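The values are calculated or read from the model by the stated rules, or taken from the named source; none is laboratory data. Here the structure is a predicted model, which is why all the values come from computation and not from measurement. Every residue, glycine among them, receives a Cβ derived from its backbone with ideal geometry; neighbour counts consider all protein chains shown.
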Amino acid sequence: MLYHLLFPLHADYSFFNVFRYITFRTIYAAITALLLCFVIGPWLIRELGAHQIGQTIRRDGPESHLAKEGTPTMGGLLIVLATVIPTLLWANLGNPYIWIAVFVTVGFGTIGFMDDYKKVVRKDSKGLSPRTKFLCQIFLAAVAAMLIYLDIGFQDKVSIPFFKKLNPSLGFLYIPFVILVIVGASNAVNLTDGLDGLAIGPSIISAGTYMLFAYLAGHIKIANYLQIQYVPGAGELTIFCGAMAGAGIGFLWYNTYPAQVFMGDTGSLSLGAALGAVAVMVKQEIVLALVGGVFVMEAVSVILQVYFFKTTRKRIFRMAPVHHHFELKGWAEPKIIVRFWIISIILALLAISTLKIR
Ligand code: 57M
């Protein structure tokens, strides 16, 4: 909105030329997101607390979690608002990728909200049934996939990390592939969200990494120089990623150990899906498994645990997802969280290095 209101003034005042630049608008989108978190955050946490929108803690989990009973949840509302509002203020609203990113963020946030609402407000511990939740996710991801696929000139080629000449075309399989990336990322972030700051840390790091990928993919000269796929218009997603990183840092202010608020499924489902959608639109889909390696590790720990338990009646981990394993080994919660962040930074750097090692 600000872009549309202020940029045209450059004809009379050259200062307003600055609104042309993606870098400038990304920085201010991130700052706006942070400020929104600091302004709305305390009020939202107070309101959630006043309406007793607090977490019920499962009795079969690590004992240390019992002290977290009643911590306000659904803080993901803050993440969604602080991502979407700055995006609408600073991005070019004529860009279809911006609207697809906003649609996915709000759509998955709404599924999460319905689940949280049933669990926390209606006190129905089961929330939405896994089947309903999954079908809603597939439906929204399919709509996003169609919108992306049908966008004029958008290629169904995927990028294989480390191989610059390998960009296979998926043809009609492209739509299920996009659904898999978006729904998979959404659920993997959700599984990771079990310790204070554990999911938001790698989400911030991933959003920062995709901020870079989006900028490069949308810049014809740099994309050609790096021999990555050029996606006209994808550079505008840099602003969305900047807002997401800013919103994440703002949320972390309150979610850091000991947390004043949890994001709930409202936050985890929307963050993961948004990352998946951006990865698809900037043509760095497969490398998301590396950027979001912490999320993948958490999801794989659950799959292995369930598979081995079903086939051998034995557990590989003391408890899955793997962060519970370390808790039960006696590691302090902040130690697990910070170590997972460090792993996430290393993985993001490795992912960025794929731009050169190919
Ligand atoms: C959600 N939710 C947290 C909070 C957060 C298949 C199975 C592995 C599924 C998995 C599961 O349900 N995962 C998804 C995990 C919960 O957090 C809420 O949920 C939102 C995210 N969706 O925002 O609202 C608890 O996590 C803790 N928490 C924090 N700080 C935060 O910032 O401390 C969350 C955010 C909160 C709080 O205690 O209550 C969760 O863990 O439930 N299930 C599990 O993770 C369970 N694992 C399990 O059953 N493992 C089995 C098998 C099936 C693999 C095994 O190992 O044998 C564990 N979760 C819990 N207790 N709480 C086990 C028991």
* Asked: Hey, any hits in segment 269-277 for a residue that's within 13 Å of the ligand (Cβ to nearest atom), at pLDDT 95 or above, crowded, with 21+ Cβ neighbours inside 10 Å and not hydrophobic (A, V, I, L, M, F, W, C)?
  -> yes
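Would you check which residues across segment 252-268 are of a type in the set (S, T, Y) and either crowded, with 24+ Cβ neighbours inside 10 Å or farther than 18 Å from V338 by Cα (or both) and list them? Even if it seems obvious, please write down each step before you answer.
Quick first cut of segment 252-268, residues of a type in the set (S, T, Y) only: 254, 256-257, 266, 268.
Residues satisfying the conditions are T266, S268.
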* Structure fact -> Filtering segment 278-318 for residues that are within 16 Å of the ligand (Cβ to nearest atom) and of a type in the set (D, E) leaves a count of 1
* Asked: Is there any pair with a first residue in segment 301-322 that is among the β-branched types (V, I, T) and a second that is surrounded by 14 or more Cβ atoms within 10 Å (Cβ to Cβ) and not in a helix (DSSP H, G or I) whose Cβ atoms are under 8 Å apart and which are 6 or more apart or on different chains, and what are they?
  -> V302/A320; V302/P321; V306/A320
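Can you find, within segment 108-141, the residue that is surrounded by the most Cβ atoms within 10 Å (Cβ to Cβ) among those that are among the aliphatic types (A, V, I, L, M) and either modelled with pLDDT under 95 or farther than 24 Å from L48 by Cβ (or both)? Talk me through it step by step, then tell me what you get.
If we filter segment 108-141 for residues that are among the aliphatic types (A, V, I, L, M), which is where we start, we get 111, 114, 120-121, 128, 135, 138, 140-141.
Now drop any that are not either modelled with pLDDT under 95 or farther than 24 Å from L48 by Cβ (or both), which leaves 120-121, 128, 135, 138, 140-141.
Numbers: V120: 22, V121: 12, L128: 20, L135: 13, I138: 16, L140: 24, A141: 28.
Step by step, filter segment 108-141, then rank; the result is A141.
What residue, of L78, L88, L135, L147, is free of Cβ contacts under 8 Å to residues at least 24 places away in the same chain and in a helix (DSSP H, G or I)? Walk me through how you get there before you give the answer.
On the way: L78 fails: free of Cβ contacts under 8 Å to residues at least 24 places away in the same chain; L88 fails: free of Cβ contacts under 8 Å to residues at least 24 places away in the same chain; L147 fails: free of Cβ contacts under 8 Å to residues at least 24 places away in the same chain.
Of the residues listed, the single one that is free of Cβ contacts under 8 Å to residues at least 24 places away in the same chain and in a helix (DSSP H, G or I) is L135.
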* Structure fact -> Given (1) surrounded by fewer than 17 Cβ atoms within 10 Å (Cβ to Cβ); (2) out of contact with any His (no Cβ under 8 Å at 6 or more places or on another chain); (3) over 30 Å from K329 (Cβ atoms); (4) at pLDDT below 95, Y21 misses just (4)
* Inside segment 50-80, can you point out the residues that are among the small types (G, A, S) and either crowded, with 18+ Cβ neighbours inside 10 Å or closer than 21 Å to L195 by Cβ (or both)? -> G54, G61, S64, A67, G70, G75, G76
* Out of (1) out of contact with any strand residue (DSSP E or B) (no Cβ under 8 Å at 6 or more places or on another chain); (2) exposed (fewer than 14 other Cβ atoms within 10 Å of the Cβ), what's the single condition that is false for P168? -> (1)
* To do: Exactly one condition in (1) on the phi > 0 side of the Ramachandran plot; (2) part of a helix (DSSP H, G or I) is not met by G330; state its number.
  => (2)
* Of the residues that make up segment 184-205, is at least one away from the ligand (no atom under 16 Å from the Cβ) and within 28 Å of T110 (Cβ to Cβ)? -> yes
* Taking helices (runs of 4 or more DSSP H) that fall entirely within segment 179-262, which contain at least 3 residues that are touching a residue at least 24 places away in the same chain (Cβ under 8 Å)? -> 200-217, 237-255
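Scanning segment 35-70 for residues that are part of a loop (DSSP other than H, G, I, E, B) and either modelled with pLDDT of 95 or more or more than 9 Å from the ligand (Cβ to nearest atom) (or both), which turns out nearest to T256 (Cα to Cα)?
First pass over segment 35-70, keeping only residues part of a loop (DSSP other than H, G, I, E, B): 51-53, 55-62, 69-70.
The next check asks that each one be either modelled with pLDDT of 95 or more or more than 9 Å from the ligand (Cβ to nearest atom) (or both); those that pass are 51-53, 70.
Details: H51: 22, Q52: 21, I53: 19, G70: 16 Å.
Going through the qualifying residues, I end up with G70.
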* Exactly one of (1) over 28 Å from Y149 (Cβ atoms); (2) within 16 Å of the ligand (Cβ to nearest atom) is unmet by F15. Its number? -> (2)
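Counting only residues that are among the charged types (D, E, K, R) and part of a loop (DSSP other than H, G, I, E, B), which one in segment 150-172 is modelled with the highest pLDDT? Walk me through how you get there before you give the answer.
Going residue by residue through segment 150-172, those that are among the charged types (D, E, K, R) are 151, 156-157, 164-165.
Retained after the next criterion (residues that are part of a loop (DSSP other than H, G, I, E, B)): 151, 156, 164-165.
Working: D151: 81, D156: 91, K164: 84, K165: 84.
Checked segment 150-172; the qualifying residue modelled with the highest pLDDT is D156.
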* With the checklist (1) more than 25 Å from C136 (Cβ to Cβ); (2) within 12 Å of the ligand (Cβ to nearest atom); (3) touching a residue at least 24 places away in the same chain (Cβ under 8 Å); (4) surrounded by fewer than 17 Cβ atoms within 10 Å (Cβ to Cβ) in hand, flag the one item I337 doesn't pass. => (4)
